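*Asks:* Shown below is the structure under consideration.
The values are calculated or read from the model by the stated rules, or taken from the named source; none is laboratory data. Source: prediction; values computed, not measured. As a convention, Cβ positions derive from the backbone with ideal geometry for all residues, glycine included, and neighbour counts pool all protein chains shown. Just the protein is used for accessible areas: all its heavy atoms, side chains included, with ligands, DNA and RNA removed. Shrake-Rupley method; radii C 1.70, N 1.55, O 1.52, S 1.80 Å.
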There are 2 protein chains.
Amino acid sequence: MNKGNKYGTHRVLEPKGTLPQPAQKLDNTMSIYDNEVLIDVQTLNIDSASFTQIKGACNADTAKMEEMILSIVGERGKMQNPVTGSGGMLIGTVKEVGPNFPNQNLKVGDKIATLVSLSLTPLKINKIKNINLSNDQVDADAQAILFASGLYAVLPSDIPEKLALAALDVAGAPAQVDRLVKEGDTVCIIGGGGKSGMLCCYQAMQKIGPNGKVIVVEYSEENARRIKELGLATHVLVGDATNVMDVYNRVTEITGEDSCDVVINNVNVPSTEMTSILITKNRGCVYFFSMATSFSKAALGAEGVGKDVDMIVGNGYALGHADLTLDIIRKSEGIRDLFEKLYV
Amino acid sequence: MNKGNKYGTHRVLEPKGTLPQPAQKLDNTMSIYDNEVLIDVQTLNIDSASFTQIKGACNADTAKMEEMILSIVGERGKMQNPVTGSGGMLIGTVKEVGPNFPNQNLKVGDKIATLVSLSLTPLKINKIKNINLSNDQVDADAQAILFASGLYAVLPSDIPEKLALAALDVAGAPAQVDRLVKEGDTVCIIGGGGKSGMLCCYQAMQKIGPNGKVIVVEYSEENARRIKELGLATHVLVGDATNVMDVYNRVTEITGEDSCDVVINNVNVPSTEMTSILITKNRGCVYFFSMATSFSKAALGAEGVGKDVDMIVGNGYALGHADLTLDIIRKSEGIRDLFEKLYV
């Protein structure tokens, strides 16, 4: 059996020397290297940006979408949307575990979700069985490879698979909140009403104790109402996060000039960096989960207003993130019911 | 006297409701609001990206460059390059201090450098006196406004002005290094041979103690040689930071698989995010000063390889950054001599 590289560089066909994610084309031969895992795929959970792009390009015609997905995977050896660059995750059953795969507790027959992006996962699709236009999921007869550095979670028996998949997709967010927020903190969660935002709110509320604050800024009236109903914040503001001075004025009305210890940005529209920075206190922290974040707007913005804040690039991985997120689904009946309705 | 907003929003002409930096046009009337400072400008230190763009567009013809700079400032009320979006800094003499400017110790006649970007500083140029093609500096008869939140440093009497200006331009970098690096740490400074990189090296060497390591990865042979001669690192590697696996292999040869506690990225070319992430240990930290950093490459990259690292957006401001940086110039004769030769 051939020896594989921890990061999967042995699967990169072009350009040579890069890692699997930036690569144009991966080797998707479905026989494993010594440190890999072979997975029989059940469902692909396509990243929302990618699925929306494909759906748009095909006028929501599932036959055409099937053709497009097969052509992408045929060409690249992975399900990485060439327009958005993004991937998604998958669930499936372990078929074979290489003798040098780091976690030898993983067993053939285990049902797992991969927690690394499809944009770097070798994939071969034999047949697409169903495309679900409402939740971005594609059921397929397919196989995939997990590298030695690849993250995964064994699916729990007490949570429906597709619910677990929907929650695990954003598992990094509440795990980072858990690390950052301390008792008594004032936390603002911008875009707190979405999937990732709600999990962040829940975790922040767990951490702040009786004297802290969780302020949600949310664009959608309906999402804001839900946050209130589920008791996931101490204050909910409906507003447009791109309107810097409006949000700044309304948040400081609640917090005073001393403003927030931690700001979590979950908004998926551009130009909310300054809003996040202005409502953070000096030596406070802004955590940017939004993939619409502009590095230079954040960097120059903080200096421009003389704010000594730490600005952190959202990392979708944190040790223990899958367990923490599945525990939220177990503990919060409200979030569980809502996620089942919205995403399953 | 009219009351001004702390962040200068009262100077924004269009679009209304934004902050001075993203604004298209500022009011550059040179009579101050109650919380502003009026400055008689001596020299503009144009941001390198902006200066290079202007020089290129004008074929290094200083008469044409003068015309272009005057036209930008005439149109926007600030020296913000419309192509690069960047600004720079200035030095000048305080002409008037508003009664509500926060620091009333600042006196008329003080020589200061502004530490906020020219991209948000109201500026009116009467006459350009000289454009120095080798150090990006423009001597001018001009006036500028500093907002209440605007950062500045009173220029020290023991350091030549233009040397101070060159060092203060990157003052944030060594100040952040000072916070992040602890005794015994293994630190890698990617692009350690440039202006900002050398200051970072110096500060890291101060902090690591006898058992730490400072590893510099530098593209230029000449810069690498300088770092060695000045004793600013324990290890110097000449290499291309975009070549992920090459740098990873060579750094881990020095550090072992446990790799670096802190990685500082100062490289001004794209696609060095993965290199930085791979050489950082789990729960270590990558600090991105490079304005060529892609937010999404960093965010997806760390998750893709399962690295639980903190990735921080470089903030050009940190409390005390100007003093710390000027002190390096005072203490390190080698850096001082080199900066004088290169930037003054």
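*Asks:* How many residues, within the range A:304-313, are open to solvent by 10 Å² or more (accessible area, probe 1.4 Å) and either farther than 18 Å from A:Ile189 by Cα or charged (D, E, K, R) (or both)?
*Replies:* Final tally of qualifying residues: 4.
*Asks:* Out of B:Gly306, B:Gly301, I need the residue that is without any contact (Cβ under 8 Å) to a residue 60 or more places away in the chain, more than 25 Å from A:Glu273 (Cα to Cα) and not aromatic (Phe, Trp, Tyr). Which one?
*Replies:* Values: B:Gly301 fails: more than 25 Å from A:Glu273 (Cα to Cα).
Going through B:Gly306, B:Gly301 in turn, just one is without any contact (Cβ under 8 Å) to a residue 60 or more places away in the chain, more than 25 Å from A:Glu273 (Cα to Cα) and not aromatic (Phe, Trp, Tyr): B:Gly306.
*Asks:* Related question: Might you let me know whether the range A:33-45 holds any residue that is in contact with a Phe, Trp or Tyr (Cβ under 7 Å, 6 or more places away or on another chain) and of a type in the set (Asp, Glu)?
*Replies:* There is at least one residue in the range A:33-45 that is in contact with a Phe, Trp or Tyr (Cβ under 7 Å, 6 or more places away or on another chain) and of a type in the set (Asp, Glu).
*Asks:* So is B:Asp337 open to solvent by 10 Å² or more (accessible area, probe 1.4 Å) and touching a Cys at 6+ places or on another chain (Cβ under 8 Å) or not?
*Replies:* Criteria not met by B:Asp337.
*Asks:* Follow-up. Taking the range B:90-114, which residues are within 24 Å of B:Gly172 (Cβ to Cβ), outside any strand (DSSP E or B) and touching a residue at least 40 places away in the same chain (Cβ under 8 Å)?
*Replies:* B:Phe101, B:Pro102, B:Leu106, B:Asp110
*Asks:* Which ones in the range B:283-292 are under 19 Å from B:Val187 (Cα atoms) and either at the interface with chain A (Cβ under 7 Å from one of its Cβ atoms) or modelled with pLDDT of 95 or more (or both)?
*Replies:* Selection gives B:Arg283, B:Gly284, B:Cys285, B:Val286, B:Tyr287, B:Phe288.
*Asks:* Hey, among the residues in the range B:319-333 that are in a helix (DSSP H, G or I) and touching a Phe, Trp or Tyr at 6+ places or on another chain (Cβ under 9 Å), which one's nearest to the other protein chains (Cβ to nearest Cβ)?
*Replies:* Result: B:Ala322.
*Asks:* Which of the residues that make up the range B:229-255 are assigned to a helix (DSSP H, G or I), modelled with pLDDT of 95 or more and of a type in the set (A, V, I, L, M, F, W, C)?
*Replies:* Those that are assigned to a helix (DSSP H, G or I), modelled with pLDDT of 95 or more and of a type in the set (A, V, I, L, M, F, W, C): B:Val247, B:Val251, B:Ile254.
*Asks:* Sticking with this one: What are the pairs with Cβ atoms under 9 angstrom where one residue, in the range A:116-136, is on the phi > 0 side of the Ramachandran plot and the other, located anywhere, is open to solvent by 50 Å² or more (accessible area, probe 1.4 Å) and small (Gly, Ala, Ser)? Sequence gap at least six, or different chains.
*Replies:* Listed pairs, sorted by first residue: A:Asp136/A:Ser48.
*Asks:* Just to check your reading of the model, which residue among A:Gly316, A:Gly301 is over 21 Å from A:Ser196 (Cα atoms), at pLDDT below 95, facing another protein chain (nearest Cβ under 7 Å) and surrounded by 21 or more Cβ atoms within 10 Å (Cβ to Cβ)?
*Replies:* Working: A:Gly316 fails: over 21 Å from A:Ser196 (Cα atoms).
Result of the check over A:Gly316, A:Gly301: A:Gly301.
*Asks:* Which one is nearest to B:Val37 (Cα to Cα) among residues in the range B:64-90 that are of a type in the set (Val, Ile, Thr) and at pLDDT 95 or above?
*Replies:* This residue is B:Val73.
*Asks:* Which one of A:Ile215, A:Ile208 is within 20 Å of A:Arg283 (Cα to Cα), in contact with a strand residue (DSSP E or B) (Cβ under 8 Å, 6 or more places away or on another chain) and surrounded by fewer than 22 Cβ atoms within 10 Å (Cβ to Cβ)?
*Replies:* A:Ile208
*Asks:* Still on this model: Being assigned to a loop (DSSP other than H, G, I, E, B), among the polar types (S, T, N, Q) and within 13 Å of chain B (Cβ to nearest Cβ) is the filter here, so list the residues in the range A:1-28 that pass it.
*Replies:* Within the range A:1-28, A:Asn5, A:Thr18, A:Gln21 meet the criteria.
*Asks:* Looking only at residues that are assigned to a strand (DSSP E or B) and within 15 Å of A:Gln80 (Cα to Cα) in the range A:115-129, which one is least open to solvent (accessible area, probe 1.4 Å)? Reasoning before the result, please.
*Replies:* To start, the set of residues in the range A:115-129 that are assigned to a strand (DSSP E or B) comprises A:123-129.
Right, trim to within 15 Å of A:Gln80 (Cα to Cα) and you get A:123-125.
On the way: A:Leu123: 1, A:Lys124: 85, A:Ile125: 26 Å².
Out of the qualifying residues, it is A:Leu123.
*Asks:* Let me ask something else. Can you name the residue in the range B:237-249 that is in contact (Cβ under 8 Å) with a residue 24 or more places away in the chain and under 24 Å from the mean Cα position of the chain (by Cα) and is also least open to solvent (accessible area, probe 1.4 Å) among such residues?
*Replies:* B:Ala241
*Asks:* With B:Gly85, B:Gly56, B:Gly77 as the choices, which residue is open to solvent by 20 Å² or more (accessible area, probe 1.4 Å), at positive phi, outside the structural domain of B:Met291 (by TED's automatic domain parsing) and among the small types (Gly, Ala, Ser)?
*Replies:* Testing whether each residue is open to solvent by 20 Å² or more (accessible area, probe 1.4 Å), at positive phi, outside the structural domain of B:Met291 (by TED's automatic domain parsing) and among the small types (Gly, Ala, Ser) leaves just B:Gly85.
*Asks:* Can you pull out the residues in the range A:29-53 that are open to solvent by 10 Å² or more (accessible area, probe 1.4 Å), closer than 25 Å to A:Met291 by Cα and in a strand (DSSP E or B)?
*Replies:* A:Asn45
*Asks:* I've got another one for you. Of all residues in the range B:279-298, count the ones that are more than 19 Å from A:Val286 (Cα to Cα), open to solvent by 10 Å² or more (accessible area, probe 1.4 Å) and in a loop (DSSP other than H, G, I, E, B).
*Replies:* The total comes to 1.
*Asks:* Of everything in the range B:283-306, what is over 18 Å from the mean Cα position of the chain (by Cα), of a type outside the set (Lys, Arg) and under 19 Å from A:Asp310 (Cβ atoms)? Give them in sequence order.
*Replies:* Those that are over 18 Å from the mean Cα position of the chain (by Cα), of a type outside the set (Lys, Arg) and under 19 Å from A:Asp310 (Cβ atoms): B:Gly284, B:Cys285, B:Phe295, B:Ala298, B:Ala299, B:Ala302.
*Asks:* Sticking with this structure for a sec: Answer yes if at least one residue in the range B:257-278 is surrounded by fewer than 20 Cβ atoms within 10 Å (Cβ to Cβ), modelled with pLDDT of 95 or more and not small (Gly, Ala, Ser), and no otherwise.
*Replies:* Checked against the condition, which is being surrounded by fewer than 20 Cβ atoms within 10 Å (Cβ to Cβ), modelled with pLDDT of 95 or more and not small (Gly, Ala, Ser), the range B:257-278 yields no hits at all.
*Asks:* Let me ask something else. Would you call A:Pro102 open to solvent by less than 20 Å² (accessible area, probe 1.4 Å), within 14 Å of chain B (Cβ to nearest Cβ) and not hydroxyl-bearing (Ser, Thr, Tyr)? Please lay out each step first, then the result.
*Replies:* On the way: open to solvent by less than 20 Å² (accessible area, probe 1.4 Å): no; within 14 Å of chain B (Cβ to nearest Cβ): yes; not hydroxyl-bearing (Ser, Thr, Tyr): yes.
The answer is no for A:Pro102.
*Asks:* What number of residues in the range A:130-185 are among the β-branched types (Val, Ile, Thr), crowded, with 22+ Cβ neighbours inside 10 Å and farther than 27 Å from A:Met65 by Cβ?
*Replies:* 2
*Asks:* Pairs, please: C-beta under 7 Å, at least 6 apart or cross-chain, first residue under 25 Å from B:Val305 (Cβ atoms) and modelled with pLDDT under 95 and in the range A:142-162, second buried (at least 16 other Cβ atoms within 10 Å of the Cβ) and among the aromatic types (Phe, Trp, Tyr)?
*Replies:* The qualifying pairs are A:Ser149/A:Tyr7; A:Leu151/A:Tyr317.
*Asks:* Answer yes or no as to whether B:Val269 is under 24 Å from A:Val12 (Cα atoms) and in a helix (DSSP H, G or I). Outline the logic, then answer.
*Replies:* Details: under 24 Å from A:Val12 (Cα atoms): yes; in a helix (DSSP H, G or I): no.
Taking the combined requirement at face value, the residue does not satisfy it.
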